[in-house]
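Enquirer: Here's a structure for you.
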Amino acid sequence: MKKLDMHIHTYGDISMDQMVAYMEEMKKVRGYDGLGFVGCFRNSVGFHLDTNDVTMELKRRIPGCYAFAGLDHGKDFIEQAKLFMEQGFDGIKMLEGKPSIYRFWGTGYEGPRMDEFFAYAEEQDIPLLIHNNDPRANWDPANPKADHLRSKGWYYGDGDVPSQEEFFQMMEGVLERHPNLRVALCHMGFYYDNLPRVSALMDKYPNLYLDLTPAVEVFIELSLTPDETRAFFRKYAKRMFVGTDTSVDWAPESRIRTFNDQKVRMMEVFFEGDEPEVVGGKYPVAPMHIDPEIVEDIYYYNALRFMKKI
């Protein structure tokens, strides 16, 4: 079965040669036919000024790979988009709707500047990988992990960013204004516990895709409603794909690789397993027994459809 990890971040304090070596190893270990690299100019940690250069160089040096550029807020968005596509990028990765990034910029996907960019991307049919929102538990003051989340900038219960519902409404407003926008919502857009709502969006917007990359909650929540989940996956079989959200700093025995192993295992149990499993001793996932041809589309071909490669 062909596989493509469509969500790999390109920041890491290692050399390009080491990045390439780790990614070649990942392809071999995981049996991947390709990798999708995503550049993020700004993440929760800070700025990554070389992210797009690194992302494109990885695409050049590793066969079967794809590259999504990140936007620099100090430059014109539309001019950047034109240049990215001329340079051979396969699309644009957007993180501005993650609440921690919203907190930094003071804005997300609303406003005239963003709307002009989305209008251009819609006109040019540019694939956009969009992170909007975060898990609902990140707003919950009773969450036992609140202090850990706060240390990473991912706790939002202090009222300094909009609510989860407001982030949903902001993204849905973008789709309403730009109904033909080619968008893949990362981490299932955090709609994994509300399949009727995301189904309505999928029905309304023909170019809307879902990137099923864990947040670990994705497959935990979907496992709780197996009949509804199976029906959803069969209906939208051609418009979902997977990734891991790992990074190029994929060193053996590192925390990054260990967590990556757990996320991959969650997807294996969900898509290919026979029995439920508590992955890593803490992530309960149930197999969905989805048709193998649908699984291969989700593992590989749908990402190519999203990027207009088939």
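Any read-out appearing in this document is the output of simple, stated calculations on the displayed coordinates, not a laboratory observation. Predicted model only: the values in this text are computed from it and were never measured. Glycine gets a Cβ as well: all are built from the backbone with ideal geometry, and neighbour counts include every protein chain shown.
Enquirer: Local charge sum around residue 77 (other residues, Cβ-Cβ under 11 Å, Lys/Arg +1, Asp/Glu -1)?
Expert: Here the charged neighbours net out to -3.
Enquirer: I've got another one for you. If you average 1/r across every pair of different Cα atoms in the chain and take the reciprocal, what Kirkwood value do you get, in Å?
Expert: About 19.6 Å, per the Kirkwood formula over Cα pairs.
Enquirer: Related question: Would you mind counting up the charge near residue 174? Only other residues with Cβ under 14 Å from its Cβ, with Lys and Arg at +1 and Asp and Glu at -1.
Expert: Values: positive: 113, 177, 182, 204; negative: 96, 110, 115, 116, 122, 166, 172, 176.
My count for the surroundings of residue 174 gives -4.
Enquirer: While we're on this one: Stokes-Einstein D for the stretch 79-177 at 10 °C, 1.306 mPa s, Kirkwood Rh over Cα pairs, in µm²/s?
Expert: For these conditions, the coefficient is 108 µm²/s.
Enquirer: Okay, moving on. Work out the length of the dipole vector of the stretch 158-241 about its Cα centre, built from +1 on the beta-carbon of each Lys and Arg and -1 on the beta-carbon of each Asp and Glu, and round it to the nearest 20 debye. Could the numbers behind the result be given before it?
Expert: Numbers: 9 positive and 13 negative charges, 149 e Å.
Computed about the Cα centre, the dipole is about 720 debye.
Enquirer: Still on this structure, I have one more. By count of other Cβ within 10 Å, fewest leading, how are 210, 58, 201 ordered?
Expert: Exposure proxy ranking, most exposed first: 201, 58, 210.
Enquirer: Still on this structure, I have one more. Quick one: grab the alpha carbon gyration tensor of the stretch 1-145, order the square roots of its eigenvalues as a ≥ b ≥ c, and give me rounded if a/c is under 1.5, else prolate or oblate depending on whether a/b is larger than b/c.
Expert: Values: a/c = 1.79, a/b = 1.21, b/c = 1.48.
Here the stretch 1-145 falls in the oblate category.
Enquirer: Could you line up 40, 65 from fewest to most neighbouring Cβ atoms inside 10 Å?
Expert: 65, 40
Enquirer: In whole Å, how far is the Cα centre of the stretch 250-310 from that of the stretch 157-235?
Expert: Value for the Cα centre distance between the two parts: 18 Å.
Enquirer: Testing the spin-label approximation: label points 7 Å from Cα along Cα→Cβ at residue 230 and residue 87. State their distance in nm.
Expert: The two pseudo-label positions are separated by 4.6 nm.
Enquirer: Count the net charge of all other residues whose Cβ sits under 14 Å from the Cβ of residue 229, scoring Lys and Arg as +1 and Asp and Glu as -1.
Expert: Summing Lys/Arg as +1 and Asp/Glu as -1 gives -3.
Enquirer: Taking neighbour Cβ counts within 10 Å as the exposure measure, how do 145, 93 sort from fewest upward?
Expert: Taking fewest neighbouring Cβ atoms as first place, the list is 145, 93.
Enquirer: OK, next. From the helices alone, meaning DSSP H stretches of at least four residues, give me the mean residue ellipticity at 222 nm for the chain, per-run term -39500 (n - 2.57), in deg cm²/dmol to the nearest 500.
Expert: So the calculated ellipticity at 222 nm is -12500 deg cm²/dmol.
Enquirer: Using θ = phi - 60° and the Karplus form 6.51 cos²θ - 1.76 cosθ + 1.60, what ³J(HN,Hα) does each residue of the stretch 242-256 get, whole Hz, x for Gly and Pro?
Expert: Each residue's phi maps through the Karplus curve to give 10, x, 10, 6, 7, 10, 6, 7, 9, 5, x, 6, 7, 4, 4 Hz.
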